[in-house]
Amino acid sequence: MRNQYLNRTPVRTATVMALGLAAMLLLAGCGHETEPTADKAAPAGAGNDIVLSDRQVAELNITPFIVSREVLRFQLPVPGIVMPAPDHEMVASAPVDGRIARLYVREGDRVQAGDPLLEIESLTIGNLVADYIQARADALYMREKVARLETLQARGVGSMNDLQRTKADAQRSEAGFSAARSRLAAIGFPVDELEGLEAGAAIDPRLVVRAGIDGIVSTARVAPGAAVDVHEQLCVLVDPSHVLVRAFLAPQDLPLVRADGQVTAYRDGRLEGPAVSGPVANINPTLDDLNRAATVNAILATENGWPVPGQNLRVQVDAATPGPVLAVPLGAVVFEGESAVVYVALAENRYEKRRVEIERMNADTAIIAAGLTPGERVAATEVFALKALGRIDQFGEE
């Protein structure tokens, strides 16, 4: 009996192994014939295609963007500096050599146009006033002399030559009087006080220098008793209601700036929140020595004293491409290493991963140099989900 059992064991073992092998082959064959379910993605195409299931299409709800060729308008972020605006700054200089007799203001004081800033005492002022009084008297005398000679001439008395010489002398005296008046006006002597000057009266050799604009005394560089030379800068007034913003532009960006655009300055360096804007005043394409940049100038009205002259800030300048370009939302672009990729919609559930060449990127837009054509649709949302699904398909094929 034992021998019989031992002899049958190999036969039974071989039968069991054969049945197991047949079952494995049957299961393997059945697995290759099974269709994918509706909740699973279908196999990818040529490696760049991503096919979504109905469920994935519904869950992702991808927003398409239709590519078109058109002029792109955008805002260009650049650094800038704030300076006093033209016609909103005044430099008070010494009109003559002299001495500071009195100082009416200090740095930081607010003044209005016509307010006194300081008083200068000078012999030059006394001499100019004396010259004016003398020139006025000479002109008046010559007017009266010409009138007498004309009366005599009308009566047939007197010489015509004398009358002509007198008229010529009168013209010279009038010219001297006008010059004396202009010299006083040039140093800031009040015109309404000229007629009150009389011969023989005491001459005050002092001149009050007055504010020409409303503003704040930015600098006051003199003190009472100090000697000053003609044209020496005495103080600076700044009207803070308007400022000049100089935006520094890279030379290659010059063709993008719109001469009819706006310049916007932000309180926040992230270019968010409160801001002030104004039209572009002019564009200077010459590169400055310090920044090696072109300059876009704009006059901005301040709000609550901001921005202030001397401040560095970030600004945005209105820009536009010189001609039509292909552009897509920046959110439609992902990067694989140094390569830019977009997902082009071939159907509602099928996307092609395509490499593109980017010419320029702005805050929210990418200008495409190659890789897309007008009319194509790209995924503007859920691009990272498409990127992840593409990788799953790639690993599945491997």
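The values are calculated or read from the model by the stated rules, or taken from the named source; none is laboratory data. Since the model is a prediction, treat every value here as computed from it, not as a measurement. Surface areas here come from the heavy atoms of the whole protein model, side chains and all, with no ligands, DNA or RNA. Shrake-Rupley method; radii C 1.70, N 1.55, O 1.52, S 1.80 Å.
Listed by chain and number, the aspartates and glutamates whose C-alpha is less than 17 Å from the C-alpha of residue 353, apart from same-chain residues fewer than 8 away, are 49, 336, 338, 376, 382, 393, 397.
Taking the three principal axes of the alpha carbon atoms in region 163-232, the coordinate ranges are 58, 26, 23 Å, sorted in descending order.
Wrap a convex hull around the Cα atoms of region 135-192, take a quarter of its surface area, and give that in square nanometres. Don't skip to the end; give the middle numbers.
Working: hull surface 16.6 nm².
Directional mean of the projected Cα hull area for region 135-192 stands at 4.2 nm².
Looking at the chain, the accessible area is 59 square angstrom per residue; that uses a 1.4 Å probe and ignores ligands, DNA and RNA. Surface composition of region 149-302: carbon plus sulfur atoms hold 51% of the accessible area, using a 1.4 angstrom probe and ignoring ligands, DNA and RNA.
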